[in-house]
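Single-structure report; data block below.
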Amino acid sequence: MSLSYLYTTRIFSSITSNNPLRTSTKITSCPSVHFSNRTHYISCEQNKQTSKEASDLTYNVLVRRNVFLGGATGTAIGAPLSPPDSTKCHKATDSDANPKEVDCCPPDYGKAKMVDFTPPSPNEPLRVRKAAHTYNSDDIVKFEAAIAKMKALPANHPWNYYQQANIHFTYCNGAFDQLNTKTLLQIHESWFFLPWHRYYIYFWEKILGKLIGDDTFSIPFWNWDTPKGMYIPRMYLNSKSPLFDETRNKDHYKSVLDYKYTWGDPNPTDTNDVVTANLAELDSIFKETLQLPALFMGKALRAGEKQTPAPGRCESLHNVMHMWGGPPTPPYWNMGNFRTAARDTLFFGHHGNVDRMWDIYSTFRGQKVEFRDPDWLESSFIFYDENEQLVKCKVKDCLTPESLRYSYSPEPLTWTNIRRKYKKLRSAAKKRSEGDSLKLTPVFGYGSEPLTLTEPRRALVQRPKISRSKDEKADAVEVLVIDGINVLSGSTARFDVYVTKALEGLVGPDNGELAGSFVRIPKAHQKSSAGKDSSLELGISTLLEEIEAEGSDELVVSLIPRNGDIVIGGVRIELFKVDDDEI
């Protein structure tokens, strides 16, 4: 499968998945995607599997333990993540709170009887989520009424607005340990990020519908991937509305969203350029991750393992919106801090679009399951449902929105045809950079010792192989690996990664193309993250085609610090093999 696919004319296609784990039929707007002759992308599933294999897929598939990006050798004894012991919820620690020990345990978890989640019947009405900026006055009134009823519930009711917000706290900030371990439970920065949040907002939506007696009720999504949606939706800014949150950054009420934002940055002055750069980054995220889902969704985390934080590019981008919506100063409550993020109703609009990004990603991949590993598919979480029942939910039951009886209204995917405009923008920027100084400067390897990112670091990095053929690109993805990332304060951090060509060990002033970013917002439970190294893995196969660097033996990688006290252990480029069931 070649990465040199093209976004062409937009089509409306009815996709009926041949994958037994994804059986939805849906109408969606998506671009045509062209791959090499080696692989027929949509139909590769049926070409590889017999009907018996399809029917027994979940339980009889060979258990691959080598799904960590980078191809860890050997087999690891892993297991699916199980729900935590509901009787052992404990206080979390927030260094910015007084007192620092914070009780966020849901009421009566230890007393409730847990049952297995049963997906809704296909006969249930399909709830259609609309973009927030398209809401009319009637839509807003209904949404406000539902939120008002949730906020009016008794403080200890599991549906209470702030009890619902605490669910995010318990699973994300260390109120639970993994079952039968002393390892803190954390679903961010791993392959659980997207499915856990899908269930979270699903039940939140169902509860709101139950409160107003409307089984077709759906929540809005903040459509930040289209120019008209790159503003905080107006309905969240009415100070008299139950949707309002006074902790947000008021400087951002009318400003266009900037994907390169970090705390303290001024608002962008050139709206057109910022929108173009935003859309180009989205285009890059999808192009560079289609072959290896962990690049998009995050790396594997198995039961009992101590997590090495390794988010996918979807989660890293999602963190920017949390920064944008949250206050500009510590402790960044509400949107800007994991502990309190879900107290702001904007959180759910934001995560509606994050969930939609996963749905679009799945569509581009022909509805192929991202990870066929039972350690992902059989992993489970617990939630209170709309019947006040504690339910155990497995990843394999939420692989499509339609399986949960909701969908997203079609919106233009503007980023799929942005490359020409973006190249003109980059060309102009490069000329301005060269005008500042035409002098080439030497650049050297990163070295073997960790370096503090107190200033931009530029390193010459060897490539494992040059001028790869289409079949070679189909078999392995070229990935830029930055490891040993240590956020010294355990709090917020951001650095951006750029790639360009070198000229015999020399480089000009332009950093080149953005390959991706490391973005972290504060975690209230510092014990779960402080001092732990993270990794960042960025696909660069398409980037190298665009900067005409496929024949280069080495590349210049620039690490640009934006926020936080960060140490980087090393930078390298590897070829990550694409397993047949990931294509």
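Among the criteria (1) under 23 Å from the mean Cα position of the chain (by Cα); (2) open to solvent by 30 Å² or more (accessible area, probe 1.4 Å); (3) at pLDDT below 95, the one residue 562 does not fulfil is (3). Restricted to segment 129-156, and to residues there that are assigned to a loop (DSSP other than H, G, I, E, B) and either of a type in the set (A, V, I, L, M, F, W, C) or open to solvent by 40 Å² or more (accessible area, probe 1.4 Å) (or both), the residue that is nearest to residue 408 (Cα to Cα) is 130.
Condition check ((1) closer than 27 Å to residue 243 by Cβ; (2) out of contact with any helix residue (DSSP H, G or I) (no Cβ under 9 Å at 6 or more places or on another chain); (3) crowded, with 20+ Cβ neighbours inside 10 Å) across all residues:
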residue: 310; (1), (2), (3): no, no, yes
residue: 323; (1), (2), (3): yes, yes, yes
residue: 339; (1), (2), (3): yes, no, yes
residue: 392; (1), (2), (3): no, yes, no
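Segment 343-451 holds helices (runs of 4 or more DSSP H) entirely within its bounds, and those carrying 3 or more residues that are among the polar types (S, T, N, Q) and over 23 Å from residue 557 (Cβ atoms) map to 346-364.
Being buried (at least 21 other Cβ atoms within 10 Å of the Cβ) and among the β-branched types (Val, Ile, Thr) is a condition met by at least one residue of segment 394-404.
Entry remark, segment 230-285: residues being open to solvent by 40 Å² or more (accessible area, probe 1.4 Å) and closer than 27 Å to residue 541 by Cβ number 2 in total. Against the condition at pLDDT below 95, crowded, with 21+ Cβ neighbours inside 10 Å and of a type in the set (Val, Ile, Thr), how does residue 187 come out, does it pass? Criteria met by residue 187.
Condition check ((1) within 24 Å of residue 321 (Cα to Cα); (2) surrounded by 15 or more Cβ atoms within 10 Å (Cβ to Cβ)) across all residues:
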| site | (1), (2) |
| --- | --- |
| 441 | no, no |
| 452 | no, no |
| 477 | no, yes |
| 499 | no, yes |
| 504 | no, no |
| 518 | yes, yes |
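In segment 488-497, the residue that is nearest to residue 566 (Cα to Cα) out of those that are surrounded by fewer than 20 Cβ atoms within 10 Å (Cβ to Cβ) and more than 18 Å from the chain's Cα centre (by Cα) is 488.
Here's the yes/no breakdown for (1) under 28 Å from the mean Cα position of the chain (by Cα); (2) in a helix (DSSP H, G or I); (3) over 29 Å from residue 517 (Cβ atoms); (4) not acidic (Asp, Glu):
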residue: 107; (1), (2), (3), (4): no, no, yes, yes
residue: 120; (1), (2), (3), (4): yes, no, yes, yes
residue: 158; (1), (2), (3), (4): yes, no, yes, yes
residue: 168; (1), (2), (3), (4): yes, yes, no, yes
residue: 187; (1), (2), (3), (4): yes, no, no, yes
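Could you figure out which of (1) touching a Phe, Trp or Tyr at 6+ places or on another chain (Cβ under 8 Å); (2) of a type outside the set (Gly, Ala, Ser); (3) not in a loop (DSSP other than H, G, I, E, B) isn't true of residue 275? Single failed check for residue 275: (1). Put simply, of 220, 293 the only residue that is open to solvent by less than 10 Å² (accessible area, probe 1.4 Å) and touching a Pro at 6+ places or on another chain (Cβ under 8 Å) is 220. If the condition is being modelled with pLDDT of 95 or more and on the phi > 0 side of the Ramachandran plot, then segment 421-475 contributes only 467. Kindly evaluate residue 174 against the criterion of being open to solvent by 10 Å² or more (accessible area, probe 1.4 Å) and of a type in the set (Gly, Ala, Ser). For residue 174, the condition - open to solvent by 10 Å² or more (accessible area, probe 1.4 Å) and of a type in the set (Gly, Ala, Ser) - is not met.
The values are calculated or read from the model by the stated rules, or taken from the named source; none is laboratory data. Remember, predicted model here, so these are calculated numbers, not experimental data. All Cβ positions, even for glycine, are placed from backbone atoms using ideal geometry, and neighbour counts span all protein chains on display. The area values use the complete protein model at the heavy-atom level, side chains included, leaving out ligands, DNA and RNA. Shrake-Rupley method; radii C 1.70, N 1.55, O 1.52, S 1.80 Å.
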